[in-house]
Amino acid sequence: MLLIKNATVSSCRNNDKECVHIVVDGAKIADVVRGEMPSCDFDKIIDADQLLVLPGAIDPHVHFDTPGYTEREDFIHGSQAAAAGGVTCVIDMPDTSIPPVTDRAKFNAKLKIIDEMSVVDYALWGGVSGNSFRANSWQRSMQGLRDVGVVGFKTYLLSGMHTFDHLFPLELVEVMRHAGDMGVLVGLHAEDRDLVQTRSAVLRTAGRFDPKAYYESRCDPAELNGIRQGVAIASETGCALHIVHVGSSEGAKHAIYSRKNGADITLETCIHFLEFSNDDLIERGSIVKTAPVVKTKKDSDTLWKLISSGGIDYLASDHAPCSEAEKNTGSIWTDYSGMPGTELMLPYIFSEGYSKGRLTLSRLIDVTSMAASRRYGLDYRKGRIEKGFDADFVFVDPDRKWIVEGRNLHSKGRMTPFEGREFTGKIVRTICRGNTIYEEVGGITTKPGFGEFIKRGPS
Ligand SMILES: [Zn+2]
């Protein structure tokens, strides 16, 4: 038995904090004790010394690229970055694996490899690509993946990957109708393919290779149109829809409006959309390049309002690092889209959201763990500091200031546009299923293979 004493936790009763002692039996929380310290023979006692103790964060959108593009990232480095960022469970995307996770055999092959590598727990997205759809056995493949416990099915209206192609809107209707019948969730990369491709072609023909051209090729209404299409199909088919990495505030508002009218829709945004705008992309170039593109300052301001009010459900990192060479090919069109994110997601939102008073403590916990846990059916064991849940915690020293240095990140790709930023709130320890997996002094304290696959539970 492990005792974590003097932990400051969120008190759900009055949206304040309280000091508790947490009893851990093996991998599970056995009790949360208020008042006097429990007197029992503990094998180990950790004194949290009044530090803030949050549920381990869940990062519901990462690309750890194993097996596949492991020159960019792999599950060892990615999961170590997660652990250092207070994340105890990641949900890995199917599309940057080779082969992509579009049927049960490919799922099994991936699971076998990453099971030896992860230092944090993980769930997996399945996917339906244009490639798998047109191969004509996609319904059976979806069934097989649902049965092994994927959290949902990722799809694209616009894709940059030949191994995981887009679905045409009418194909997406078929997939979402089938998903609705099966009662499974569809995740959508929502951008208007025709609009983006036409604009890109015009700009490239005009000899534009600058960052502003990339912004112009994908600025709204590109994402707004994609979201509109997804939302319309969700409303028509009754399929549960999750829109990934929302950067368009008008798109977010449109989806939220449809949810109020009964559609089963959730949204995530990412810290790069909260922090950066087209001005940063134009000034700093590819280091801020993502897909969808960062939008305007007005979009960021509105996204902040929506994440604090609950309109946007939760955060994800869309962790997708690469080498410096891939970020500097000489043309904005071929420079890689994406950045490392899982190690900075919780620190960023803690500092810029909670410390600056934009998010309450309970909302911070919701956007970094509880809401995603509920949506993906992991809330039978993840996302709460409560008896019976997994003993997943992150200890935060709330007032400590520190500076982001890319060279200290655990990811393979360490180029971050947050370089040099000062954050308030330092992660000092991460515990997963009762085991310390990261400490500020000492770093990663567990071996690859510790992480377990977490199935989507009964909903
Ligand atoms: Zn992604």
At the level of C-alpha centres, the distance separating the stretch 88-109 and the stretch 253-267, in angstrom, is 28
Based on the mean of other Cβ atoms within 10 Å per residue, sort peptides 208-218, 256-266 so the most packed one is first. 208-218, 256-266
So which of Lys106/Lys426; Lys17/Lys298; Lys212/Lys305 end up more than 29 Å apart, counting from Cα to Cα? Lys106/Lys426; Lys17/Lys298
Using just the alpha carbons, could you tell me how many Å³ per residue the convex hull of the chain encloses? 127
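Efficiency by 1/(1 + (r/R0)^6): what FRET value for Glu386 and Glu419, r their Cβ-Cβ distance, R0 = 51 Å, to the nearest 0.05?
Values: r = 38 Å, r/R0 = 0.74.
That gives a FRET efficiency of 0.85.
Calculate the FRET efficiency for Val441 and Lys260 from the Cβ-Cβ distance with a Förster distance of 45 Å, rounded to the nearest 0.05. Don't skip to the end; give the middle numbers.
Numbers: r = 48 Å, r/R0 = 1.07.
The formula returns an efficiency of 0.40 here.
Given the convex hull of the Cα atoms of the stretch 177-306, what is a quarter of its surface area in nm²?
Reported value for the Cα convex hull: 7.9 nm².
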Kindly point out which whole DSSP H helices in the chain project their C-alpha atoms 20 angstrom or further along the helix axis while averaging a Kyte-Doolittle hydropathy of 0.0 or above. 222-237
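Under the 0.36 nm per residue contour assumption, what length would be gained going from the current alpha-carbon distance of Asp47 and Lys305 to full extension? Before the final figure, lay out the partial values.
Numbers: separation 258, 0.36 × 258 = 92.88 nm, distance 3.62 nm.
The span from Asp47 to Lys305 would gain 89.3 nm if fully extended.
Magnitude of the Cβ-charge dipole of the stretch 57-375, K/R +1 and D/E -1, about the Cα centre, nearest 20 debye? Could you put the intermediate results ahead of the total?
Values: 32 positive and 41 negative charges, 130 e Å.
Computed charge dipole of the stretch 57-375: roughly 620 debye.
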Euclidean distance between Cα centres, the stretch 381-451 to the stretch 149-176, Å: 32
Potential extension, Glu71-Gln139 segment - 0.36 nm per residue separation minus Cα distance: 21.2 nm
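Roughly what % of DSSP beta bridges within the chain run antiparallel, to the nearest 5?
Details: 35 of 66 bridges.
About 55 percent, rounded to the nearest 5.
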Gln197-Ser39 FRET efficiency (beta carbon distance; Förster radius 60 Å; 0.05 resolution): 0.35
Given +1 on the Cβ of Lys and Arg, -1 on the Cβ of Asp and Glu, and no further charges, what dipole in debye does the stretch 137-214 carry about its Cα centre, rounded to the nearest 20? 240
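Which order do the peptides 44-50, 146-152 come out in when sorted by mean C-beta neighbours inside 10 angstrom, highest first? Each step should come with its number before you reach the end.
Details: 44-50: 14.3, 146-152: 19.7.
Top to bottom by mean Cβ count within 10 Å: 146-152, 44-50.
Give me the extension gain from Cys19 to Glu324: residue separation times 0.36 nm, minus the current Cα-Cα distance, reported in nm with one decimal. Don't skip to the answer; put the middle values down first.
Working: separation 305, 0.36 × 305 = 109.80 nm, distance 4.49 nm.
Length gained, Cys19 through Glu324: 105.3 nm.
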Semi-axes (Å, rounded, descending) of the ellipsoid equivalent to the stretch 345-442 per its C-alpha gyration tensor are 24, 17, 13
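What ranking, highest mean first, results for peptides 346-356, 444-454 when packing means the other Cβ atoms within 10 Å averaged over each residue?
Working: 346-356: 22.4, 444-454: 17.8.
Those peptides, ordered most packed to least, come out 346-356, 444-454.
Only the coordinates and a few stated rules stand behind these numbers; no lab work does. Everything numeric in this text was worked out from a predicted model, so none of it was measured. Cβ atoms come from the backbone with ideal geometry, glycine included; neighbour counts cover every protein chain shown.
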